[in-house]
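Beneath this line is the structure, given in structure tokens, with notes to follow.
All of the numbers you see were taken from the coordinates with simple rules; none came from a lab. Please read these numbers as outputs of a predicted model, since none were measured by experiment. All Cβ positions, glycine included, derive from the backbone under ideal geometry; neighbour counts span all protein chains shown.
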Amino acid sequence: MEEKDLWGIYDFIEDLPEDTVIGEFAGRDSVAAILKAMEDKSINNILPVASFAPTEYGNFQILESNYEKMVKRSKDLYGNKKTIYPLIYYSNFDLWSIINGRFVDSIIRKFGFYTTCIGCHAYFHLIRIPIALKLNKK
């Protein structure tokens with residue numbers, strides 16, 4: 001598992017086909033979602049991107065195993081008609097900290113409550129925006 005910086009990802013995706021879409025990759029549920037998306041005739045090239053929050057723990061190597069199973073299943077279903085590109089790892093703990101840390105005190109004072117759940121969920125979508133913009137796709 002080697003995490004790339006954003007510039008490394010930009011270099012990698014530069015030559016990908018224009019119809020490449022991002023597949024949010026977090027585990028078995030992501031495998032099912034990506035394989036379901038591939039049923040759409042307009043989706044032929046998927047770039048899976050795994051991201052982490054600084055609060056996560058566990059065996060991250062399972063992602064590699066799930067990725068390999070997904071690629072095999074895709075080949076079984078579509079042969080070479082559809083492509084799943086190598087799994088990209090990209091996280092930005094500074095962004096996570098801004099969303100989930102910087103304004104916590106203000107939010108608690110105003111509302112009397114705070115949870116990182118909403119910010120963390122937003123983080124996992126926001127982090128992929130620069131990659132999507134570079135791909136000019138969804």
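Checking each residue in the stretch 10-26 for being surrounded by 12 or more Cβ atoms within 10 Å (Cβ to Cβ) and out of contact with any strand residue (DSSP E or B) (no Cβ under 8 Å at 6 or more places or on another chain) picks out only Y10. Within the stretch 52-68, identify whether any single residue is touching a Leu at 6+ places or on another chain (Cβ under 9 Å), farther than 26 Å from N100 by Cα and of a type in the set (A, V, I, L, M), and answer yes or no. Checked against the condition, which is being touching a Leu at 6+ places or on another chain (Cβ under 9 Å), farther than 26 Å from N100 by Cα and of a type in the set (A, V, I, L, M), the stretch 52-68 yields no hits at all.
The criterion of at least 1 residues that are surrounded by 11 or more Cβ atoms within 10 Å (Cβ to Cβ) and within 21 Å of the chain's Cα centre (by Cα) is met by the following helices (runs of 4 or more DSSP H) wholly inside the stretch 58-135: 62-78, 93-100, 117-126, 129-135. Looking at E68, is it free of Cβ contacts under 8 Å to residues at least 12 places away in the same chain and of a type in the set (D, E)? Taking the combined requirement at face value, the residue satisfies it.
Screening Y90 with (1) under 20 Å from G8 (Cβ atoms); (2) among the aromatic types (F, W, Y); (3) without any contact (Cβ under 8 Å) to a residue 12 or more places away in the chain gives one miss only, at (3).
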